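Novice: Below: one structure in structure tokens.
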Amino acid sequence: MGNSNSNKKLPQEDLNFLMTNTQFTKKQIKKWYKGFIKDCPCGQLSRKKFIEVYSGFFPDGNAEEFCTHVFRTFDKDNSGKIDFNEFLLAINITSSGKPEEKLNWAFQMYDIDGNGSIERSEMEEIIKAIYMMIGTVISAEEMSPQKRTNEIFDKMDKNKDGVLTKEEFVNGCLADKQLYSILLADEAPEEVGEE
């Protein structure tokens, strides 16, 4: 009853590419590939499966909307599926990338329409999705997604044009540990916000 796909090998060309473009060792890449093929025998991770897996990390919230944005950012070729290379490149950045790499990746997620800037509505949509994912019920002392967006734009929108460029977003996060943590849902490394 064995699955013939479990013996499927990662093409050497892909292995070489991933060894060059990620922090992972050959052994780690092969291990990731084995798990990926086990979960996705066709070699492609669908949006539905991605949401199913990712949602399991947030049992107290609704991660579907946030997962949709993460999936869009992982799916570099807009095929509606994530292949192993896309998957591992994204995992590499989100797990072990430098702060600037993580912020460049996060910028792509917040820039929903892909026009090279983040509008207030885009920021608010992602923040609302984060709140839903972690199961945040907004109390009187907590900020609504709209208020949080306004606070972020007040700090980051240096030229006050109502949109955030990649430079404003990255520099704003690098200068402020709290913003870095909020916008990446990640612990800020020591060098972020340190003068």
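The values are calculated or read from the model by the stated rules, or taken from the named source; none is laboratory data. This structure is a prediction, so every number in the text was calculated from the model and none was measured. Every residue, glycine among them, receives a Cβ derived from its backbone with ideal geometry; neighbour counts consider all protein chains shown. Ligands, DNA and RNA are stripped out before the accessible areas are found, and what is left, the full protein with its side chains, is counted by its heavy atoms. Shrake-Rupley method; radii C 1.70, N 1.55, O 1.52, S 1.80 Å.
Novice: As an exercise: evaluate SER144 against (1) more than 30 Å from THR25 (Cβ to Cβ); (2) among the hydroxyl-bearing types (Ser, Thr, Tyr); (3) open to solvent by less than 20 Å² (accessible area, probe 1.4 Å) and give the number of the one condition it does not meet.
Specialist: Only one criterion is unmet by SER144, namely (3).
Novice: Take the conditions surrounded by fewer than 13 Cβ atoms within 10 Å (Cβ to Cβ) and of a type outside the set (D, E, K, R) and apply them to GLY61. Does it pass?
Specialist: Judged against the criteria, GLY61 is not a match.
Novice: Within the stretch 35-58, work out how many residues are crowded, with 18+ Cβ neighbours inside 10 Å and not β-branched (Val, Ile, Thr).
Specialist: 4
Novice: Looking only at helices (runs of 4 or more DSSP H) that lie completely in the stretch 54-142, which have at least 1 residues being under 25 Å from LYS38 (Cβ atoms)?
Specialist: Qualifying helices (runs of 4 or more DSSP H): 64-74, 84-96.
Novice: While we're on this one: Of all residues in the stretch 75-94, count the ones that are touching a helix residue (DSSP H, G or I) at 6+ places or on another chain (Cβ under 6 Å) and open to solvent by 50 Å² or more (accessible area, probe 1.4 Å).
Specialist: Residues that pass the stated criteria total 1.
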